[in-house]
1. Before we move on, is Ser85 open to solvent by 80 Å² or more (accessible area, probe 1.4 Å) and either modelled with pLDDT under 80 or out of contact with any His (no Cβ under 6 Å at 6 or more places or on another chain) (or both)?
2. Confirm whether Thr279 is free of Cβ contacts under 8 Å to residues at least 60 places away in the same chain, under 19 Å from the mean Cα position of the chain (by Cα) and over 24 Å from Ile150 (Cβ atoms).
3. What are the residue pairs meeting all of these: first residue in segment 378-406, first residue in contact (Cβ under 8 Å) with a residue 24 or more places away in the chain, second residue acidic (Asp, Glu), Cβ atoms under 8 Å, and 6 or more apart or on different chains?
4. Identify the residue in segment 174-216 that is small (Gly, Ala, Ser) and assigned to a loop (DSSP other than H, G, I, E, B) and, among all such residues, is least open to solvent (accessible area, probe 1.4 Å).
5. Under 24 Å from Val303 (Cα atoms), of a type outside the set (Lys, Arg), touching a residue at least 24 places away in the same chain (Cβ under 8 Å) and open to solvent by 30 Å² or more (accessible area, probe 1.4 Å): is that true of Gln117 in this structure?
6. Does Thr223 qualify as being open to solvent by less than 50 Å² (accessible area, probe 1.4 Å) and out of contact with any Ser or Thr (no Cβ under 9 Å at 6 or more places or on another chain)?
Amino acid sequence: MLRRSGLSLGQYFLRRKNRARFSWYLNKTKMSRPVQARRLEGVDKNIWVEIVKLAATYPNVNLGQGFPDFSPPDFVKEAFVKAVSGENIMLHQYTRAFGHPALVTNLACFFGKLLGQELDPMTNVLVTVGAYEALFCCFQALVDEGDEVIIIEPFFDCYEPMVKMAGGTPVFVQLRSKAAEAGKLMSSGDWQLDPAELASRFTKQTKAIVLNSPNNPLGKVFTREEMELIADLCMKHDVLCISDEVYEWMVYDGKEHIRIASLPGMWDRTITIGSAGKTFSTTGWKVGWTLGPDRLLKHLRTVHQNSVYHCPTAAQEAVAQAFQRELDNYGKQDSYFVQLAQELQQKRDWLVRSLVAVGMKPIVPEGTYFLMADISEFKSEVPDLPDSDEPYDSRFIKWMIINKGLVAIPVSAFYSTPHKRNFDHLIRFCFVKEEATLKAAEDILQQWSLEKTGQ
């Protein structure tokens, strides 16, 4: 008798039994306990990821993310090429964990003069993987559970989650705008702190205040009087100041960048943060630094040595040589820092004119390479949806990317949750772009203007 092809009844039940056992085994070995640390709750969403993904999907001119689309200055590139192709083979290996000796020496010399301090390269300077790691080290080293950290709104969006991950409580205080002079565009200088409101945020639980001048996204350059107000409150309440100064060389219209650590009584309680990425248009090198008293930096060094530990040696060497050149040219017309501000001010003015032509109302920045613009007049093209959970500026930008091919960033991303809807009529543009990019953006805005007028 011929046997039928396929499984016998016995084999069928045996396989079924084995599958059941395997399924039971998987269920028993699969983890059921939560794997996410509590400190990550509420900080996992990021508007940048969504905007970048959308920008990669549609042809566009990207004035969103804050990085140059042009080459760094020749002397900076040459320093990097020399570092990686020269005879010093040790530049390919580990260097000092807390900062390459040549770099910390030049940073101490350069900024010591600006701060009015005699800086020790080994104890008053810490090199980090960009200013981002510098901020992370500050919060992890100095903020405990129950500590309050004052953050000035609008703020660079990583401040809030970093404070929360350290166990601290963010406390917000807003820069409040006043009306511009008749016939003039609003300036970032028209946004100011209310002294009484700021003073009310300082309590017995306040550990630190985060100061970002020039401010991203607004472009505000805090005046000496505003700095003195903050300094007086810090000393009165025995509070630390974390001063994010990565845009320190991008100041326009004759304004002056004041370093709060240089004010009387503030050196001993301030950590100053800088960035080679912003300073020399080399954001991909990820070289940043902190400056401050050893009593504060020693705690940052503990976090650094137990997390990142080390920064790329060749990039540090190149930045060291770039600062050596600026040491030699400081205050002269040949200084790159002088030329950078002049060049960016022209680009700022170009973008301001382009935005005005289409009907947006730019807020002219005194510093940084960002500007905010009011889009209230565009609600006829992109109607508001009051019942939507998504802020208006976020929906507007997605529409603008898809329909106009222009990328910006929603300003609501720079505010705490209770205040997002109060500022979702604003978007942020970046103007640290080559002329061809700004010209392409101008063309888009001109065409948009013609469409609005029906021409």
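The values are calculated or read from the model by the stated rules, or taken from the named source; none is laboratory data. Remember, predicted model here, so these are calculated numbers, not experimental data. Ideal geometry is used to build each Cβ from the backbone, glycine not excepted, and the neighbour counts take in all protein chains shown. Accessible surface is based on the protein model in full, side chains and every heavy atom, while ligands, DNA and RNA are left aside. Shrake-Rupley method; radii C 1.70, N 1.55, O 1.52, S 1.80 Å.
1. Yes; evaluated as a whole, the condition is true for this residue.
2. Against the criterion (free of Cβ contacts under 8 Å to residues at least 60 places away in the same chain, under 19 Å from the mean Cα position of the chain (by Cα) and over 24 Å from Ile150 (Cβ atoms)), Thr279 qualifies.
3. Sorted first by the residue in segment 378-406, then by its partner, the pairs are Pro391/Asp424; Tyr392/Asp384; Tyr392/Asp424; Asp393/Asp424; Ser394/Asp424.
4. Ser213
5. no
6. Values: open to solvent by less than 50 Å² (accessible area, probe 1.4 Å): no; out of contact with any Ser or Thr (no Cβ under 9 Å at 6 or more places or on another chain): yes.
In short, no.
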